[in-house]
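Single-structure report; data block below.
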Amino acid sequence: MSHLSSPPKKHKGEHKGHSLPHGSERGSSSRDKDRSATVSSSVPMPAGGKGSHPSSTPQRVPNRLIHEKSPYLLQHAYNPVDWYPWGQEAFDKARKENKPIFLSVGYSTCHWCHMMEEESFQNEEIGRLLSEDFVSVKVDREERPDVDKVYMTFVQATSSGGGWPMNVWLTPNLQPFVGGTYFPPEDGLTRVGFRTVLLRIREQWKQNKNTLLENSQRVTTALLARSEISMGDRQLPPSAATMNNRCFQQLDEGYDEEYGGFAEAPKFPTPVILSFLFSYWLSHRLTQDGSRAQQMALHTLKMMANGGIRDHVGQGFHRYSTDCQWHVPHFEKMLYDQAQLAVAYSQAFQISGDEFYSDVAKGILQYVARSLSHRSGGFYSAEDADSPPERGMRPKEGAYYVWTVKEVQQLLPEPVLGATEPLTSGQLLMKHYGLTEAGNISPSQDPKGELQGQNVLTVRYSLELTAARFGLDVEAVRTLLNTGLEKLFQARKHRPKPHLDSKMLAAWNGLMVSGYAVTGAVLGQDRLINYAINGAKFLKRHMFDVASGRLMRTCYTGSGGTVEHSNPPCWGFLEDYAFVVRGLLDLYEASQESAWLEWALRLQDTQDRLFWDSQGGGYFCSEAELGAGLPLRLKDDQDGAEPSANSVSAHNLLRLHGFTGHKDWMDKCVCLLTAFSERMRRVPVALPEMVRALSAQQQTLKQIVICGDRQAKDTKALVQCVHSVYIPNKVLILADGDPSSFLSRQLPFLSTLRRLEDQATAYVCENQACSMPITDPCELRKLLHP
């Protein structure tokens with residue numbers, strides 16, 4: 001391999017230490033370190049020359065992306081590039097004209113995707129090069145995660161990092177031969193510019209095409225062998241106790257004692273790690289390591305919630321922190337982060353009883369309901385990091401979210417009565433949230449100088465310390481701060497809003513159904529559970545094809561708030577099924593409406609039919625037919641910003657076995673865990689969610705059965721008791737006494753369980769044996785949480 005530029009510094013989110021899972025490199029902040037692209041090539045390439053700067057176009061003419069639904073593709077619809085969407089038309093053109101394919105992958109809220117579009121794809125000369133010498137293809141990674149995963153595997157294997165935008169050059173048969181991430185338009189001291197790269201590749205294709213093709217085939221073959229995940233000769237998965245302890249030790253070594261989290265900057269939330277630590281605590285709670293695991297997770301969640309990664313004015317969490325203190329974030333907001341963090345904070349409340357955590361969870365869901373919700377119940381994908389500071393100005397990262405001291409002083413001039421010194425509401429808020437006249441953003445985090453004098457709100461002191469500093473009552477300070485934040489929120493409404501990616505993805509909607517269902521159940525709030533119900537109804541109405549039993553991957557917001565689909569539809573991938581099934585199982589336990597459980601079983605059957613590897617075990621990420629032509633068919637083997645769909649499927653299969661008693665679900669789970677044995681043994685910390693599933697499979701799943709009428713108060717009291725306790729390895733079943741009900745047909749033993757003295761009665765069943773009947777919620781709590 002030869003590199004067209006010197007290796008860059010590590011990219012954000014790249015594995016460090018013990019390959020700690022990280023947030024997927026979803027568009028990096030403008031405050032990143034040098035992001036010069038490392039380009040891997042099959043052969044050395046001659047140098048190219050400098051190019052011209054973008055020229056202005058008198059009249060913008062759309063390219064064929066104007067007919068697409070994806071917000072990301074539409075952002076490129078007026079580039080002077082002959083873009084094609086991913087599809088047979090582009091591939092046929094490449095083969096017919098014997099041209100390499102230039103594949104560019106990104107997503108609509110990616111900062112560096114915006115940068116490359118502005119610098120290179122709007123450049124007339126670069127546009128001509130791309131249109132005349134290549135077949136240029138644009139892909140929204142959120143629409144086609146299979147395409148993204150295949151070529152990201154190549155980029156990560158052949159260069160020093162991965163990220164978005166991802167740019168890869170392919171043969172007409174779709175085999176990659178050169179790849180990189182963000183390219184500046186022109187050569188720099190240590191970087192090769194995009195124009196130079198295009199000229200070099202054009203020259204090599206003409207002079208050394210056969211060598212390129214041979215090397216491309218060799219790299220593809222090597223990647224195929226390296227990415228294979230299979231049971232092989234193994235019969236059983238590894239020891240859960242061993243994997244658990246190794247995973248915990250690796251996390252413990254990378255833990256930041258002061259600020260929480262598990263890496264140096266940048267820091268990602270990674271809820272899968274927090275979920276693992278809570279489970280580890282539960283099974284080791286009488287040991288020092290168990291207490292340590294709980295402390296690590298709770299401290300991380302508290303520091304994140306106090307930091308600037310949380311939007312203290314409008315709620316919700318930004319994508320990641322550019323520093324180790326959780327202070328200055330990359331300001332993009334993703335649906336999947338909100339969904340998973342709502343669950344993490346709800347679990348923290350279950351475990352600690354501290355309402356600080358439940359308040360954060362409620363704030364997240366308030367933000368999603370206000371800003372990321374379609375009127376028909378679905379959930380949008382993301383809000384951008386960039387927006388114009390004022391109308392008509394060029395977008396800047398974070399402009400919507402940052403504040404100057406002057407703005408806060410003007411908005412909050414009221415004197416605070418009873419303070420030990422002259423004090424305004426604005427001064428109180430600025431002290432508590434660390435605002436300064438010069439701004440609290442380091443110049444090293446703002447290389448372009450866009451955020452000079454600006455502040456990110458981050459909690460500097462406890463309410464008690466702030467109150468003591470000014471001689472005020474704690475509750476008075478809480479009220480004053482909340483009132484001040486509300487005034488900032490109202491003022492912020494007048495700023496130009498960041499771009500909203502109104503695309504709706506089945507997978508992320510499934511995660512959000514879980515977020516609302518779990519939080520609503522834990523907090524006993526039917527209003528939140530209703531959001532989950534509406535989300536599930538949206539999925540069934542707009543993203544499910546009844547005739548084939550298949551999920552659709554995407555739908556889009558049309559004019560007037562209507563729901564539109566691409567034609568032909570984009571069918572679901574493994575993660576769509578896995579995350580929706582999880583959401584439906586969580587929703588059944590929250591609502592006790594068995595229709596959601598029935599749909600989950602049907603979707604699991606479809607998932608097995610479309611994605612199961614009957615020879616090697618585990619699930620492929622994409623259907624064989626949908627991925628036809630791609631050089632690899634992968635199984636996702638990392639729990640990162642989102643959990644691996646195989647990890648989630650392992651949990652789903654265990655729960656479905658608990659709900660139905662069908663042995664084939666358990667057999668599939670064992671096969672899946674066995675297929676991933678080697679990966680777990682080698683780097684358990686890369687699969688914390690799967691290690692958690694391994695533990696659940698090798699322990700005994702609790703079937704908690706409540707015999708009673710769903711709407712009766714005594715039934716609800718027992719159900720709420722179950723939800724108030726952190727029990728990850730359980731299924732909650734409502735037995736209403738109807739022998740023809742769905743669950744009674746699945747689990748015949750339910751008919752043997754009786755209500756005691758006509759009261760709602762709970763049974764805790766393990767290994768086909770049930771506890772004595774319990775009617776008192778306090779007694780049930782003692783049994784569940786000894």
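The values are calculated or read from the model by the stated rules, or taken from the named source; none is laboratory data. Here the structure is a predicted model, which means the values were calculated and not measured. For neighbour counting, all protein chains shown are included, and Cβ atoms are generated from backbone atoms with ideal geometry for every residue, glycine included. Only protein heavy atoms, including side chains, enter the accessible area calculation; ligands, DNA and RNA are left aside. Shrake-Rupley method; radii C 1.70, N 1.55, O 1.52, S 1.80 Å.
Using the Cβ of residue 537 as centre and a radius below 13 Å, the other residues enclosed give a net charge of +2, where K and R count +1 and D and E count -1. For the range 64-227, the equivalent ellipsoid built from the Cα gyration tensor has semi-axes of 22, 18, 17 Å, listed from largest to smallest. Of all DSSP-defined beta bridges confined to the range 700-785, some 60% are antiparallel rather than parallel. Among the listed pairs 69/99; 149/333; 333/713; 69/93; 69/493; 69/540, a Cα-Cα separation exceeding 31 Å is found for 333/713.
How large a share of the accessible area of the chain, in percent, is made up of carbon and sulfur atoms when the probe is 1.4 Å and the other protein chains stay in place? Roughly 49 percent, rounded to a whole number.
Just so you know, the Rg over Rh for the range 401-493 is 0.99, from Cα atoms, with Rh as the Kirkwood radius. Listed by chain and number, the aspartates and glutamates placed with their C-alpha closer than 14 angstrom to that of residue 716 are 526, 589, 593, 736, 776; residues fewer than eight positions away on the same chain are left out. In this structure the chain gives 38 Å² per residue of accessible area when probed at 1.4 Å with all protein chains present. Between the alpha-carbon centres of the range 362-438 and the range 638-653 there is a gap of 35 Å. A straight Cα-to-Cα reach below 19 Å connects residue 96 with the lysines 206, 209, residues fewer than 8 places away in its own chain not being considered. Holding the Cα-Cα limit at 30 Å, pick out from 302/663; 396/503; 503/668 the pairs that are longer than that. Cα-Cα > 30 Å for 302/663; 503/668; rest within.
Across the range 433-445, rounded Karplus estimates of 3J(HN,Hα) from the backbone phi angles (6.51 cos²θ - 1.76 cosθ + 1.60, θ = phi - 60°) give 9, x, 7, 10, 4, 7, x, 10, 9, 5, x, 5, 9 Hz, Gly and Pro being marked x. Considering only 600, 158, 416, the residue lying farthest towards the positive end of the dipole of the chain is 158, judged by Cα position with unit charges set on Cβ. Normalised by residue count, the chain yields a Cα convex hull volume of 163 Å³ per residue. Percent relative contact order of the range 401-493, based on C-alpha pairs within less than 8 angstrom and at least six residues apart? After rounding, I find 31 percent. Shape descriptor for the range 676-786: Rg over Rh equals 1.08 (Cα atoms; Rh from the Kirkwood inverse mean 1/r). Spatially, the range 212-239 and the range 521-571 are offset by 36 Å when compared through their Cα centroids. Per residue, the chain reaches -13500 deg cm²/dmol at 222 nm when only DSSP H runs of four or more residues are counted, each adding -39500 (n - 2.57).
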